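Inspection log for the structure reproduced underneath, given as structure tokens.
Computed from the coordinates by the stated procedures, all read-outs in this text should not be read as laboratory data. Please read all numbers here as calculations on a predicted model, not as lab measurements. Cβ sites come from the backbone with ideal geometry, for glycine too, and all protein chains shown count toward neighbours.
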């Protein structure tokens, strides 16, 4: 039996990606406090330990990053504009979800923790640790304003 049009799981892209939202933190003099808001930035993003450029000087507010299915960590180099780049490391568990012989399986991820350099990035926050759907936001990156 093959995949049919009624098999919704088969029609999905079988690569699950982590959705990352970009935020900028600035000091608001009226509130006398730091505030964060979504931002759009010119980004170049590539995976560490490979030559894949995922984004090349693209204006984005959200990044969709693939996590490594055979390892428990995924690393990326992010460069905002022409400023110094930062490296983020995402530690995660992987779970294979078998669909069928014809359709294969999906690898879902559970985010455990993160680390980052802090040249431009202020912090990372896991928003939703279960990565199964790109429509959900999984991670927030907070940049310092320049």
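For the chain, the spread of Cα coordinates along the three principal axes comes to 64, 33, 27 Å, biggest extent given first.
At 0.36 nm per residue, and after removing the present C-alpha to C-alpha distance, how many nm does the segment from residue 117 to residue 36 gain when stretched out fully?
Values: separation 81, 0.36 × 81 = 29.16 nm, distance 1.93 nm.
Contour length minus Cα-Cα distance gives 27.2 nm.
For the range 13-144, DSSP calls about 90 percent of its internal beta bridges antiparallel.
Please report the relative contact order for the range 13-144, taking Cα pairs under 8 Å with a sequence separation of at least 6, and give it as a percent rounded to a whole number.
Values: 320 pairs, mean separation 36.8, N = 132.
In percent, rounded to a whole number, it is 28.
Considering only 114, 29, 44, the mean-square fluctuation computed in a Gaussian network model of the chain, springs between alpha carbons under 10 angstrom, is largest for 29. GNM, the chain, Cα, under 10 Å: largest mean-square fluctuation among 28, 64, 72? Result for the chain, Cα springs under 10 Å: 28 fluctuates most. Straightening the chain between residue 128 and residue 89 buys 12.4 nm, computed as 0.36 nm per residue apart minus the Cα-Cα spacing.
Label zone (residue 75, point 7 Å along Cα-to-C-beta; backbone nitrogen cut-off 15 Å) within the range 92-114: 92, 114. For residue 28 and residue 15, the difference between the fully extended length at 0.36 nm per residue and the C-alpha to C-alpha distance is 0.7 nm.
Suppose only helical runs count, i.e. DSSP H with n ≥ 4. What mean residue ellipticity at 222 nm does that imply for the chain under -39500 (n - 2.57) per run, divided by all residues and rounded to the nearest 500 deg cm²/dmol?
Numbers: 1 runs with 4 residues, N = 146.
It lands at -500 deg cm²/dmol.
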